[in-house]
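Novice: Here it is, the structure in full.
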Amino acid sequence: MFEKSTWIKLPRNVVVGHGVLDDLGDVVADLSVAGRPLVVTSPTPNDLVGDRVRAHLGGDPATVTVETAGFGAVERVVDAAEAESATYLVGLGGGKPIDTAKMAADRLGLGFISIPTAASHDGIVSGRSSIPEGDTRHSVAADPPLAVVADTEVIAAAPWELTTAGCADIVSNYTAVEDWKLAHRLQDVHYSEYAGELARMTAELLVESAGSIKQGLEESAWVVVKALVSSGVAMSIAGSSRPASGAEHLFSHRLDRIAPDRALHGHQVGVGSIIVAYLHEGEKGMWRNIRDALDVIGAPTTAADLGFDDETIIEALTTAHRIRDRYTILGNGISEAAAREAAVTTGVI
Ligand SMILES: NC(=O)C1=CN([C@@H]2O[C@H](COP(=O)(O)OP(=O)(O)OC[C@H]3O[C@@H](n4cnc5c(N)ncnc54)[C@H](OP(=O)(O)O)[C@@H]3O)[C@@H](O)[C@H]2O)C=CC1
Ligand SMILES: O=C(CO)COP(=O)(O)O
Ligand SMILES: [Zn+2]
């Protein structure tokens with residue numbers, strides 16, 4: 001008897017383009033969400049476009065500002081939503097407020113709208129929240145946003161490094177998918193051909209456009225946002241972050257534990273991806289293509305670019321497998337000698 005089933009949750013509306021923040025009222029009407037919104041944001045996005053967003057939302061919005069990601073922040077948002085009798089949430093900003101809003105909305109059983117102000121990573125569309133806790137990180141299933149409203153005018157005006165971080169997060173899909181296939185072969189982890197291919201193809205298309213992704217061009221924000229949407233959809237199809245998060249993400253999450261806020265998520269996973277590609281395929285593999293694509297985009301390719309010393313990179317590589325129960329090329333841990341060899345050969349240290 002055929003017993004397979006799947007439940008793919010996707011946003012209902014994805015609105016991307018110049019000035020689309022001004023369409024927010026129409027988006028809200030189209031979703032049939034009513035009542036009072038709670039805007040979950042962080043200081044800079046709130047200063048930049050908070051008032052504009054609140055004006056278009058209507059319904060006397062309340063606001064909560066998140067400065068640090070974590071379960072504490074989620075609790076604060078849940079409490080604020082209850083105190084303010086909010087009927088839906090709006091995540092406005094980078095990954096920190098969007099992930100916090102996503103998880104709080106899930107806890108409250110409310111819908112939420114994602115309004116990224118930076119194209120810094122692929123969580124803007126996905127049904128996953130990535131929440132740090134102590135020495136580990138939880139990739140928590142949550143409902144994806146009801147709608148995503150990505151204004152390329154706002155995103156293009158954000159610091160360029162946020163966009164290059166988003167690009168690097170997409171490029172890292174190459175190694176994430178290789179790790180997923182490996183886990184499928186060695187550990188019988190379920191692999192979705194559609195999600196894996198979509199994530200890989202998204203990375204490929206972005207690398208092909210790398211030369212035309214340039215600071216100051218709104219078109220570049222458009223290209224990157226579309227790739228982030230596609231990668232988020234791959235995660236929704238997979239029902240996990242597997243298509244976009246492998247050993248390079250474990251490495252980045254470990255760096256976050258060792259030195260929080262030193263470098264951007266996307267930049268760390270990009271450098272991790274260079275090393276992880278080398279671990280997968282050795283000297284003649286994809287690692288050079290990944291490094292060159294990151295280089296063309298202007299994303300970091302070395303420890304020094306990220307602001308880490310060599311020993312921190314080695315520590316993160318040799319302990320990254322402990323971050324969470326996710327089988328990757330790192331297996332049960334790689335030796336210090338192997339980590340050093342990979343990092344030196346790829347020029348990361
Ligand atoms: N759920 C998922 O699938 C994924 C989740 N993530 C998570 O997302 C987080 C990282 O996201 P990231 O966006 O880098 O982090 P942040 O939300 O911290 O944003 C990075 C920085 O950019 C600032 N900022 C945001 N928008 C603008 C703008 N338009 N102009 C100027 N500055 C701006 C923020 O300001 P301020 O300091 O005021 O906040 C912050 O300093 C991590 O926690 C990561 O794990 C990452 C990938 C996928
Ligand atoms: O960053 C992500 C995908 O790019 C989310 O992955 P995690 O599940 O590792 O947090
Ligand atoms: Zn990521």
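The values are calculated or read from the model by the stated rules, or taken from the named source; none is laboratory data. Worth saying up front: this structure is predicted, and the values here are computed from it rather than measured. Please note: Cβ atoms are built from the backbone with ideal geometry, for glycine as well, and neighbour counts cover all protein chains shown.
Novice: Among Tyr174, Tyr191, which is outside any helix (DSSP H, G or I) and modelled with pLDDT of 95 or more? Reasoning before the result, please.
Specialist: Values: Tyr174 fails: outside any helix (DSSP H, G or I).
Going through Tyr174, Tyr191 in turn, the sole match is Tyr191.
Novice: Could you tell me which numbered condition Glu218 fails, if it satisfies all but one of (1) under 24 Å from Val15 (Cβ atoms); (2) crowded, with 22+ Cβ neighbours inside 10 Å?
Specialist: Unmet condition: (2).
Novice: Consider segment 230-252. How many of its residues are surrounded by fewer than 24 Cβ atoms within 10 Å (Cβ to Cβ), within 12 Å of ligand 1 (Cβ to nearest atom) and assigned to a helix (DSSP H, G or I)?
Specialist: 1
Novice: Could you list, in sequence order, the residues of segment 158-197 that are without any contact (Cβ under 8 Å) to a residue 60 or more places away in the chain, among the acidic types (Asp, Glu) and closer than 21 Å to His321 by Cβ?
Specialist: Asp188, the sole residue that qualifies.
Novice: Just checking, does segment 202-220 include any residue being in contact with a Lys or Arg (Cβ under 8 Å, 6 or more places away or on another chain) and either aliphatic (A, V, I, L, M) or away from ligand 2 (no atom under 13 Å from the Cβ) (or both)?
Specialist: Yes, segment 202-220 contains at least one residue that is in contact with a Lys or Arg (Cβ under 8 Å, 6 or more places away or on another chain) and either aliphatic (A, V, I, L, M) or away from ligand 2 (no atom under 13 Å from the Cβ) (or both).
Novice: Then there's this: Looking only at segment 75-106, how many residues end up being more than 17 Å from Ile124 (Cα to Cα) and of a type in the set (A, V, I, L, M, F, W, C)?
Specialist: 6
Novice: Considering only residues that are hydroxyl-bearing (Ser, Thr, Tyr) and within 16 Å of ligand 2 (Cβ to nearest atom), which ones fall in segment 85-136? Let's see the steps before the verdict.
Specialist: Initial filter on segment 85-136 (hydroxyl-bearing (Ser, Thr, Tyr)): 85, 87-88, 100, 114, 117, 120, 126, 129-130, 136.
Answer for segment 85-136, where residues must be hydroxyl-bearing (Ser, Thr, Tyr) and within 16 Å of ligand 2 (Cβ to nearest atom): Thr100, Ser114, Ser120, Ser126, Ser129, Ser130, Thr136.
Novice: Just to verify a result, which residue in segment 100-114, among those that are surrounded by fewer than 24 Cβ atoms within 10 Å (Cβ to Cβ) and not aliphatic (A, V, I, L, M), is nearest to Leu38 (Cα to Cα)?
Specialist: From segment 100-114, those surrounded by fewer than 24 Cβ atoms within 10 Å (Cβ to Cβ) are 106-111; that's our starting set.
Of the ones still in play, those that are also not aliphatic (A, V, I, L, M) are 106-107, 109, 111.
Values: Asp106: 14, Arg107: 14, Gly109: 14, Gly111: 11 Å.
My answer is Gly111.
Novice: How many residues does segment 315-334 contain that are of a type outside the set (Val, Ile, Thr), part of a loop (DSSP other than H, G, I, E, B) and surrounded by 19 or more Cβ atoms within 10 Å (Cβ to Cβ)? Don't jump to the end; show me each part of the working.
Specialist: First, the residues of segment 315-334 that are of a type outside the set (Val, Ile, Thr): 315-317, 320-322, 324-327, 330-333.
Okay, now just the ones that are also part of a loop (DSSP other than H, G, I, E, B), so 324-327, 330-333.
Then drop every residue that is not surrounded by 19 or more Cβ atoms within 10 Å (Cβ to Cβ), which leaves 326-327, 330.
Within segment 315-334, residues that are of a type outside the set (Val, Ile, Thr), part of a loop (DSSP other than H, G, I, E, B) and surrounded by 19 or more Cβ atoms within 10 Å (Cβ to Cβ) number 3.
Novice: Given the condition away from ligand 3 (no atom under 14 Å from the Cβ) and out of contact with any Leu (no Cβ under 7 Å at 6 or more places or on another chain), answer yes or no: does some residue in segment 243-257 qualify?
Specialist: In the first step, residues of segment 243-257 are kept if they are away from ligand 3 (no atom under 14 Å from the Cβ); the result is 257.
From what is left, the residues that are out of contact with any Leu (no Cβ under 7 Å at 6 or more places or on another chain) are 257.
Yes, segment 243-257 has at least one match.
Novice: Same structure, new question: Test each condition in (1) outside any helix (DSSP H, G or I); (2) modelled with pLDDT of 90 or more for Thr164 and report the one that comes out false.
Specialist: That leaves (1) as the condition not met.
Novice: Filter segment 76-121 for residues that are free of Cβ contacts under 8 Å to residues at least 24 places away in the same chain and outside any loop (DSSP other than H, G, I, E, B); which is farthest from ligand 3 (Cβ to nearest atom)? Steps first, answer last, please.
Specialist: The initial filter retains those residues of segment 76-121 that are free of Cβ contacts under 8 Å to residues at least 24 places away in the same chain, namely 76, 79, 83, 109.
After this cut, where a residue has to be outside any loop (DSSP other than H, G, I, E, B) as well, the list is 76, 79, 83.
Numbers: Arg76: 24, Asp79: 28, Ala83: 32 Å.
The residue in question is Ala83.
Novice: What single numbered condition from (1) buried (at least 20 other Cβ atoms within 10 Å of the Cβ); (2) under 15 Å from His249 (Cβ atoms) fails to hold for Pro132?
Specialist: Pro132 satisfies every listed condition except (1).
Novice: Among the residues that make up segment 199-215, is at least one of them surrounded by fewer than 24 Cβ atoms within 10 Å (Cβ to Cβ) and of a type in the set (Asp, Glu)?
Specialist: The answer is yes, given that some residue of segment 199-215 is surrounded by fewer than 24 Cβ atoms within 10 Å (Cβ to Cβ) and of a type in the set (Asp, Glu).
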